[in-house]
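The structure appears below as structure tokens.
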Amino acid sequence: MNDEQSPVTLVEDRKPQPVLSIRANARIAELAARQGESLRELWSTMQARGVAAAGAPFVRYHTFGETETDLEVGIPVADLAAGEGRVAAGELPGGAAITTWHLGSHDRLAEAYGRLQRWLKEHGREAAGAAWEVYWWIDPGAEPNPATWPPPAEWRTELVQPIA
């Protein structure tokens, strides 16, 4: 299945989702390394505090420039949990949202974002904040280790775009 076969879903009403996350600025060239560091730190913090994951990890780009991005790496949690150090407690917003799927490596992820943008334009709607990517191919209950992840051709990434 390619991106052309993954249409944008109809509008859905999502519940707010508590998360633990790390938000920081990162250079685009260091993006994968920074995401990995943040994911490992989140996992370690959750293990040390006995906090249960409630879903797959996500990355939310609050801004995305040519050389730097403001990104948030997080893990949904079952119950509200306090932040500590760089790890902050927060939530993914509830309300109206659209979603689409990207299957495979992230070198063509921009096509999935393009589908979201086209849907917004075609339906006269506007984004209500930054979208996020849900990495369904990463087990939040296991220590993050790229060596155990499936090959990029098998990655399943869901994009969620809140809408006004």
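What strands (runs of 3 or more DSSP E) completely inside segment 1-92 contain at least 1 residues that are in contact with a Phe, Trp or Tyr (Cβ under 7 Å, 6 or more places away or on another chain)?
Working: elements: 12-14, 17-27, 58-64, 68-76, 88-92.
It comes to 58-64, 68-76, 88-92.
Looking at segment 57-104, which of the residues that are closer than 16 Å to residue 131 by Cα and of a type in the set (Asp, Glu) is most open to solvent (accessible area, probe 1.4 Å)? Show your work before the answer.
Going residue by residue through segment 57-104, those that are closer than 16 Å to residue 131 by Cα are 57-65, 69-76, 90-102.
Restricting the remaining residues to those that are of a type in the set (Asp, Glu) gives 70, 72, 91.
Working: 70: 26, 72: 24, 91: 106 Å².
Residue satisfying both the conditions and the ranking: 91.
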Please determine, by comparing only the residues of segment 119-129 that are in contact (Cβ under 8 Å) with a residue 12 or more places away in the chain and open to solvent by 20 Å² or more (accessible area, probe 1.4 Å), which one is farthest from the chain's Cα centre (by Cα).
125
Residue 145 fails exactly one of the following numbered conditions: (1) open to solvent by 50 Å² or more (accessible area, probe 1.4 Å); (2) among the polar types (S, T, N, Q); (3) farther than 24 Å from residue 19 by Cβ. What is the number of that condition?
(3)
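The values are calculated or read from the model by the stated rules, or taken from the named source; none is laboratory data. It should be emphasised that the depicted structure is a prediction, and the values quoted were computed from it without experimental measurement. Backbone-built Cβ (ideal geometry, glycine too); neighbour counts: all protein chains shown. In case anyone asks, the SASA skips ligands and DNA or RNA and just uses the protein heavy atoms, side chains included. Shrake-Rupley method; radii C 1.70, N 1.55, O 1.52, S 1.80 Å.
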